[in-house]
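First the structure, in the form of structure tokens, and then the observations on it.
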Ligand code: NAD
């Protein structure tokens, strides 16, 4: 169980990261929330989780586009039994118009940050004699969509990094897996709706139904609570031999 263990969740002041932090806290894990901002609201979020669940919850500012700050986040946490690499951004644009700066930022935040945090966390997990690395990939870690070149490349990349992490820890009580969500209605997905409306000349409702959930056979968004529950399962003893693999929570998307 995660009771008394420390979980660091990158990019967790909103959306899936926050959902996972809340679920792990409910199960008794001390949690470290993170994003690149350092606002009153960020710290209040941690205080609220601590109050609601009775665990220790802290907010540590660190920009996941910066390798040194990724490593500093883990050092400042002081302990990291569960590492959830969740921070991520998206940009929707054809390859030949894709801004190079956006490409670099997406690769840095969605992929390279996980290399740095994992490198910093593994020695702590080894010392503690237990660890879980949970990378939040995507259905786009296994399949592709047009106009999401950097995102799809980064997510396929993090699935590869997950496998290597698993192999390097295979004979230790540490596992590494990737959760591959389909569409979850978070601020990240909200932000794609206007661009997609423009690209396809569609209304908001049609983008949701005909573009987003078109790929998701269940015709329902997955939820942040379901991501939290899946992360919690990966932390359980039942999942001790599950390593180096992906778990899709995508309403059937990758079965198509
Ligand atoms: P979100 O925008 O709500 O959350 C992204 C989080 O990352 C936020 O907390 C944000 O502050 C943080 N973040 C962004 N840039 C950062 C930086 N430079 N440093 C530190 N933190 C940073 O979006 P979400 O949908 O909750 O996305 C979370 C993860 O789930 C992402 O990796 C995303 O690719 C993945 N994902 C989301 C969906 C979906 O449908 N929402 C589907 C598959 C995968």
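Bear in mind that the values in this text are calculations on the coordinates, not laboratory data. Quick caveat: nothing in here was measured; it's all calculated off a predicted structure. Here the Cβ positions follow ideal geometry from the backbone for every residue, glycine too, while neighbour counts run over all protein chains shown.
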(request) Please label the shape of the stretch 34-82 as rounded, prolate or oblate, based on the square roots a ≥ b ≥ c of the eigenvalues of the alpha-carbon gyration tensor (a/c under 1.5 means rounded; beyond that, a/b larger than b/c means prolate, else oblate). (result) oblate
(message) Under 8 Å for C-alpha pairs, at least 6 residues apart: give me the relative contact order for the stretch 5-59, rounded to a whole percent.
(response) 36 percent
(request) Of all alpha-carbon pairs in the chain, indicate the percentage at a distance above 29 angstrom. (result) 26 percent
(request) Would you mind calculating the relative contact order of the stretch 116-170 from Cα pairs under 8 angstrom and at least 6 residues apart, reporting the percent as a whole number? (result) 27 percent
(message) Can you give me the Rg/Rh ratio for the stretch 43-182, using Cα atoms for both radii and the Kirkwood formula for Rh?
(response) 1.01
(message) Using the basic label-point model (7 angstrom from Cα toward the beta carbon), what is the residue 47 to residue 163 distance in nanometres?
(response) 4.6 nm
(message) Can you compute the label reach from residue 37? Point 7 Å from Cα along the Cβ direction, backbone N cut-off under 17 Å, restricted to the stretch 52-90.
(response) 59-65, 87-90
(message) Just want to confirm a number: the relative contact order over the chain, from Cα pairs under 8 angstrom separated by 6+ residues, in percent.
(response) 20 percent
(message) Give me the tail of P(r) for the stretch 52-114 as a percent: Cα-Cα pairs with distance above 20 Å.
(response) 39 percent
(request) Any chance you could check the Cα centroid distance between the stretch 194-215 and the stretch 52-130 for me, in angstrom? (result) 30 Å
(request) Could you check the simple spin-label distance between residue 144 and residue 204, using points 7 Å along Cα→Cβ, in nm with one decimal? (result) 3.2 nm
(request) Note down the nm distance, to one decimal, between modelled labels 7 Å out along Cα→Cβ at residue 237 and at residue 188. (result) 3.3 nm
(request) Using just the helices of the chain, give the 222 nm mean residue ellipticity in deg cm²/dmol: DSSP H runs with n ≥ 4 each add -39,500 (n - 2.57), and the total is spread over all residues, rounded to 500. (result) -13500 deg cm²/dmol
